[in-house]
1. Among the listed pairs LYS34/LYS309; LYS113/LYS180; LYS116/LYS138; LYS94/LYS361, give every one whose C-alpha distance is greater than 27 Å.
2. If neighbour count is taken as other Cβ atoms inside 10 Å, put ASP14, ASP43 in order from fewest to most.
3. How high is the relative contact order of the range 16-142, in percent, counting Cα pairs under 8 Å that sit 6 or more residues apart?
4. At 7 Å along Cα-to-Cβ for each site, give me the label-to-label distance between ASN352 and SER30 in nm.
5. List every residue whose amide H lies under 5 Å from the amide H of TRP308, counting only residues 5 or more places away in sequence or on a different chain, with H placed 1.01 Å from N in the peptide plane.
6. So what's the angle, to the nearest 10 degrees on a 0 to 90 scale, between helix 42-55 and the longest Cα principal axis of the chain?
7. Along Cα→Cβ, 7 Å out, is where each label goes; now give me the distance between the ones at LEU192 and LYS113 in nm to one decimal.
8. Taking only Cα atoms of the range 238-386, what ratio of Rg to Rh do you get with Rh as the Kirkwood inverse-distance radius?
Amino acid sequence: MRSKRLLDKNGKYDFLVKLILLIVLFFSFSLILKPLFYNNFPDFTSYYYAAYTFMEKGNPYLDRGKDFGLFLYPPPSLFLFIFLSFLPLSVAGKVFTGISIFCLIFSLYLLFKIVKIGPFSNLGMFLLIIAFNFFPTKFTLGMGQINNFVLLAVILFIYFYVKDEYVYSGLFISLASILKVWPLLLLLIPFLERNRKTLLSFFVFSFSLLILSFPFLGEEIYLYYFSNTLPNLFSSVALAYYNQSLPGFINELLGNGQFFIFIKYIFYIVLLLPIIYFCKFNRMNYMFKLLFFGFLSNFSILVVNNSWKHHFVWMLIPLFSVVEYLREEVNDFRYYLFLFLSYFLMTLNFKNSVNLPLLLKHHALWGALIFYLLTFRLLLNERIKV
């Protein structure tokens with residue numbers, strides 16, 4: 001009789017928890033729909049006018065998106081925006097945002113499949129809530145950024161890779177790399193595993209895309225991108241609150257001189273050492289691979305010259321893999337404490353950052369660095385099983 005009452009009590013408790021999570025999830029989901037009602041998407045404006053300029057026989061890398069900013073993406077990425085350039089800017093922005101929201105939701109669905117968590121389990125709904133309330137998620141949508149397209153392509157690469165569908169994995173890492181350069185770093189894992197099928201698929205699709213797009217886009221655009229735009233991405237560092245990269249912090253601390261370059265590369269070497277250490281493992285189990293994919297994504301956020309806050313939406317990849325690992329393998333409250341601290345620092349946002357102390361101003365950087373160290377510790381645990 002007592003056990004029956006206990007079961008009834010537990011059942012009511014579980015129902016109440018699930019109901020609260022569903023309500024919070026509903027309101028959290030409404031937050032990511034808000035940008036559909038915006039009339040201005042600053043970053044998308046740059047994409048839109050770049051495509052428009054190209055269709056007018058101009059150089060998209062010289063157009064400033066109505067003075068908002070230069071188009072900085074590889075030439076084949078223009079195909080993503082050309083069809084939108086035939087629409088009025090306000091309509092095109094809403095269409096793009098709608099597709100971006102779909103990419104985000106599909107990305108989260110695939111992440112749940114990868115980490116084997118039910119999206120409407122209590123943990124699954126909690127993860128959805130923190131994903132929807134993550135400031136980089138909302139910022140990406142509000143700015144009209146391309147990040148969710150990259151996120152989906154990268155997650156599709158990981159999804160097919162861990163399922164041994166290597167042709168598809170090569171296709172999607174190729175598509176991710178024509179939108180951003182950093183996904184190329186993820187090829188380290190198939191390289192270490194000597195996975196020739198994924199690498200061959202990547203090179204075949206990338207080369208085919210280059211050959212097919214070259215006659216349409218033209219020699220001038222490719223030459224300008226590789227001789228001007230791409231080198232500038234690796235040399236310029238923005239001094240702005242929303243740039244939360246390690247080079248951004250060092251530049252603001254020391255100034256942009258030879259000493260800055262020296263210190264920056266010292267930190268690069270320190271952050272690379274764990275990756276170099278793990279490179280000796282060419283046999284990886286499922287969980288090690290998931291953590292390592294997230295680890296490499298985290299590394300890219302830290303070291304690129306400009307890690308804008310909206311780029312941190314890619315931290316959803318390591319976030320899901322770490323949560324799953326802690327759930328399955330580690331029963332230590334301290335790890336969850338560091339995970340919460342990292343998430344809090346990355347999702348924090350100050351609307352007025354002018355008078356912030358330098359260390360506080362780069363809070364998302366410290367969150368990503370804590371996450372990097374946490375993942376490193378978990379990889380050390382997992383390597384024993386490999």
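1. LYS94/LYS361
2. Fewest-to-most ranking of ASP14, ASP43: ASP14, ASP43.
3. 33 percent
4. Those two pseudo-labels are separated by 2.9 nm.
5. Residues meeting the criterion, in which the H sits 1.01 Å from N, are GLN244.
6. Relative to the chain, helix 42-55 is tipped by roughly 40 degrees.
7. 2.5 nm
8. My calculation puts Rg/Rh at 0.99.
None of the figures in this text is laboratory data; all of them are computed from the coordinates on show. Predicted, not measured: the structure shown is a model, and the values here were computed from it. Here the Cβ is made from the backbone with ideal geometry for all residues, glycine too, and neighbour counts use every protein chain on show.
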